[in-house]
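The values are calculated or read from the model by the stated rules, or taken from the named source; none is laboratory data. Bear in mind that the values here come from a model prediction, so they are computed numbers and not experimental data. We place every Cβ from the backbone using ideal geometry, glycine too, and count neighbours over all the protein chains shown.
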Amino acid sequence: MNCNGVASSIMNSGSEISNGTPGEKMVTRMVDLRSDTVTKPSKAMRAAMASAEVDDDVLGYDPTAFRLETEMARIMGKEAALYVPSGTMGNLISVLVHCNIRGSEVILGDNSHIHIYENGGISTIGGVHPRTVKNNKDGSMDIDLIEAAIRDPRMEICYPTTRLICLENTHANSGGKCLPVDYIDKVGELAKKHGLKLHIDGARIFNASVALGVPVHKLVQAADSVSVCLSKGLGAPVGSVIVGSKVFIAKAKTLRKTLGGGMRQVGILCAAALVAVQENVSKLEGDHKNCKTFAEGLNKIEGLKVDVASVETNIVYFDITEGANITSQELCKSVEEHGILLMPESSSRIRIVLHYQISEQDVQYALSCIKQVVTGVPYANGVK
């Protein structure tokens, strides 16, 4: 069944949207694969937001924010937690708390989110110098290279002072790869050996936990702080949480206010986040399964190439081969006409991210449309 046939099937099932002409219907199906940040709040989330008990969180009295922070600290095995508007702010606050002296240095991956996608905030706002170590294909950094990057404190007259190591789990630019417990623990031991702190950008740490079959608190037991995104795989509309010691969180709360992240009746947002944590962690395994199915389907399309074995969680990158005679921008534009939204990474590479609002049928529909655009031939499996 091709994507037009799939659309007809949807139309017959009653999924129709008016195109603006009286008496006429146009079938529209939206399958948004740009990121797991595009999810819409569920009915349960909206209901929780509408009835949330709130107060002034800047003054420390919002009960729903307190419930969320208490629950996240418990889940992550840390003393305390703090709700922040975004993962970028969460990472920035964490780095600045650990590197509280301007001119400090942080060791992090050259392909990490903090280094590439967060506007250089640790430098421009915090005066923290990034010292990059090459990320391997699995998102890790060689431990001997991390150690070699640590500055000799006897040369502080010349060098910035190393104070922090940052890891990312899952590692987005590596295709959602998972860092295992033993690796993280070894980095933690290295940090302690040299008197450094360890921060984990755990935007998708629950994806790693589910994929590895390891409780999330074990994945972060070696970390002094962790940022956890609530609006990616977990599907909440807004926000992240940072966790750590009570002393760390007290300093983080002050920095949150300094950066403009102190919000008043934030319990309205935290109520949705609580629903996300309670209901959507269990759905991540399905996202991973759909992602693997997507990768396998893409790899069967002539003109496309996917390293299927590398797909571990909910992110897949696919490449357009030279003989396909289509660019990623052209492909994205063409499938958008069928309601498929993709994110081009380069002229020949596209990223796809699955989330809990993408069904197995959505995967087959998207594969059908992509194949028809790339080859002119309908996808064999169609939609069941």
**Report entry** Those residues of region 173-202 which are under 23 Å from THR88 (Cβ atoms) and β-branched (Val, Ile, Thr), in sequence order
**Finding:** ILE184, VAL187, ILE200
Query raised in the report: So which of ILE352, ILE358, ILE340, ILE315 is over 19 Å from the mean Cα position of the chain (by Cα) and aliphatic (A, V, I, L, M)?
Result: ILE340
Query raised in the report: VAL58: in contact (Cβ under 8 Å) with a residue 60 or more places away in the chain and in a loop (DSSP other than H, G, I, E, B), yes or no?
Result: yes
**Report entry** Index of the failed condition, LYS257 passing every other in (1) more than 24 Å from ASN169 (Cβ to Cβ); (2) not in a helix (DSSP H, G or I)
**Finding:** (2)
Query - region 225-238, subset in contact with a helix residue (DSSP H, G or I) (Cβ under 7 Å, 6 or more places away or on another chain) and in a loop (DSSP other than H, G, I, E, B), residue surrounded by the most Cβ atoms within 10 Å (Cβ to Cβ) - result: GLY233
Report summary line: Taking region 61-79 and keeping only residues that are part of a loop (DSSP other than H, G, I, E, B) and either over 23 Å from the mean Cα position of the chain (by Cα) or of a type outside the set (Gly, Ala, Ser) (or both), one is left with TYR61, ASP62, LYS78, GLU79
Report task. Under 7 Å between Cβ atoms, at least 6 apart or on separate chains: pull out the pairs that start in region 302-316 with a residue that is assigned by TED's automatic domain parsing to the domain that holds CYS291 and over 22 Å from PRO378 (Cβ atoms) and end on any residue that is in a strand (DSSP E or B) and among the β-branched types (Val, Ile, Thr). Result -> ASN314/VAL353; ILE315/VAL353
Requested in this report: List every residue pair whose Cβ atoms lie under 7 Å apart, where the two residues are 6 or more positions apart in sequence or sit on different chains, the first residue falls within region 124-138 and is under 24 Å from PRO180 (Cβ atoms) and modelled with pLDDT of 95 or more, and the second residue, located anywhere, is hydroxyl-bearing (Ser, Thr, Tyr) and assigned to a loop (DSSP other than H, G, I, E, B).
Outcome: ASN135/SER112
Requested in this report: Report whether or not GLY297 is modelled with pLDDT under 95 and in a helix (DSSP H, G or I).
Outcome: no
Requested in this report: Inspect all residues belonging to region 16-23 and state whether any of them is modelled with pLDDT of 95 or more and among the charged types (D, E, K, R).
Outcome: no
Query raised in the report: Right, SER346: among the hydroxyl-bearing types (Ser, Thr, Tyr), farther than 21 Å from ASP287 by Cα, in contact (Cβ under 8 Å) with a residue 12 or more places away in the chain and outside any loop (DSSP other than H, G, I, E, B) or not?
Result: no
Query raised in the report: Right, ILE184: crowded, with 24+ Cβ neighbours inside 10 Å and either touching a residue at least 24 places away in the same chain (Cβ under 8 Å) or in contact with a Gly (Cβ under 6 Å, 6 or more places away or on another chain) (or both) or not?
Result: no
